[in-house]
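Working notes, beginning with the structure itself.
The values are calculated or read from the model by the stated rules, or taken from the named source; none is laboratory data. None of the values given here were measured: they were computed from a predicted structure. Note that we place each Cβ from the backbone using ideal geometry, even for glycine, and neighbour counts take in every protein chain shown.
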Amino acid sequence: MHRFPSIPFDAWTPLATDELAAAFEGARFFWCLAGGHALERFVGTPIRHHGDIDVSVLRRDQLALRAHLVDWDLYAADPPGQLRFWPVGEQLPDTVHDVWGVRRGHVEWELQIMLQEAEAQHWVYRREPAIRGPLDELATMLDGIPCLRPEIQLLYKSKDIRPKDQVDFERCFPALGSAAKSKLAGWLARAYPAGHAWIVE
């Protein structure tokens, strides 16, 4: 029988970035800060309020992740819109892309984990698998914490753009180097052949 959380979906007290780094200290698998917090570290200044905090982990490392966070209660978004407990040792189905976490004994959500697709030594954009790149270019170290590269984070934010995604784009895109801007434009053109508002000439 699946166990469902008693915590409301909107009850969040996100980990601070230093707490997140401490939680993943000693991890023997790839992980990086993602989402708006990673973009803020890239631009070097606060951008907006954050209701949660995201970390990216390769799907193929999920069992190592679950064992590392053995003192956490982790819940898989399976199916989307429903959370159910993820026990140690269970291989999640490919339909699960997000995991929510709370330290045992805490009463609000503290962490969201995004499962990143990868093949061999390449990361893969699951919405358009032809979009991919070397794993060693997936993250960059910013102020001592590995962070998802901003052009890749903006690619992930490009679907169903929310107001906060637009704010992130407007603050981060001008700070990208020319190579990163070119990569993002190429990825967006591939993912959205009919055009996309973030393809800047």
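Observations on the structure shown:
- Looking across Ala120, Ala67, Ala77, one residue alone is out of contact with any Lys or Arg (no Cβ under 8 Å at 6 or more places or on another chain), among the small types (Gly, Ala, Ser) and buried (at least 18 other Cβ atoms within 10 Å of the Cβ). It is Ala77.
- Candidates are the residues of the range 57-68 that are touching a residue at least 24 places away in the same chain (Cβ under 8 Å) and out of contact with any strand residue (DSSP E or B) (no Cβ under 7 Å at 6 or more places or on another chain); the one that is farthest from Ser158 (Cα to Cα) is His68.
- The single condition among (1) exposed (fewer than 11 other Cβ atoms within 10 Å of the Cβ); (2) under 20 Å from Ala21 (Cα atoms); (3) basic (Lys, Arg) that Arg103 does not meet is (1).
- Positions within the range 120-148 being of a type in the set (Lys, Arg) and closer than 19 Å to Asp61 by Cα, in sequence order: Arg126, Arg132
- A single member of Ala180, Ala189, Ala185, Ala194 is outside any helix (DSSP H, G or I) and more than 15 Å from His37 (Cβ to Cβ), and it is Ala194.
- Hits in the range 149-201 - residues which are of a type in the set (D, E, K, R) and under 17 Å from the mean Cα position of the chain (by Cα): Arg149, Glu151, Lys157, Lys159, Asp160, Arg162, Lys164, Asp165, Asp168
- Extreme residue, nearest to Val55 (Cα to Cα), among residues of the range 141-157 that are of a type in the set (A, V, I, L, M), touching a residue at least 24 places away in the same chain (Cβ under 8 Å) and outside any helix (DSSP H, G or I): Leu148
- Against the test of being modelled with pLDDT under 95 and over 21 Å from Asp94 (Cβ atoms), the options Asp143, Asp136 yield a single qualifying residue, Asp143.
- Counting only residues that are over 12 Å from Arg3 (Cα atoms) and in a strand (DSSP E or B), the range 66-88 holds 2 of them.
- Residue in the range 48-56 that is farther than 22 Å from Ile152 by Cβ and surrounded by 19 or more Cβ atoms within 10 Å (Cβ to Cβ) present: no
- Any hit, the range 22-38, residues being outside any loop (DSSP other than H, G, I, E, B), over 14 Å from the mean Cα position of the chain (by Cα) and closer than 25 Å to Glu151 by Cα: no
- Just one of the listed residues (Leu135, Leu74) is under 16 Å from the mean Cα position of the chain (by Cα), under 15 Å from Val55 (Cα atoms) and touching a residue at least 24 places away in the same chain (Cβ under 8 Å), and it is Leu74.
- Condition broken by Asp160, with the remaining ones in (1) in contact (Cβ under 8 Å) with a residue 60 or more places away in the chain; (2) in a loop (DSSP other than H, G, I, E, B); (3) of a type in the set (Asp, Glu) satisfied: (1)
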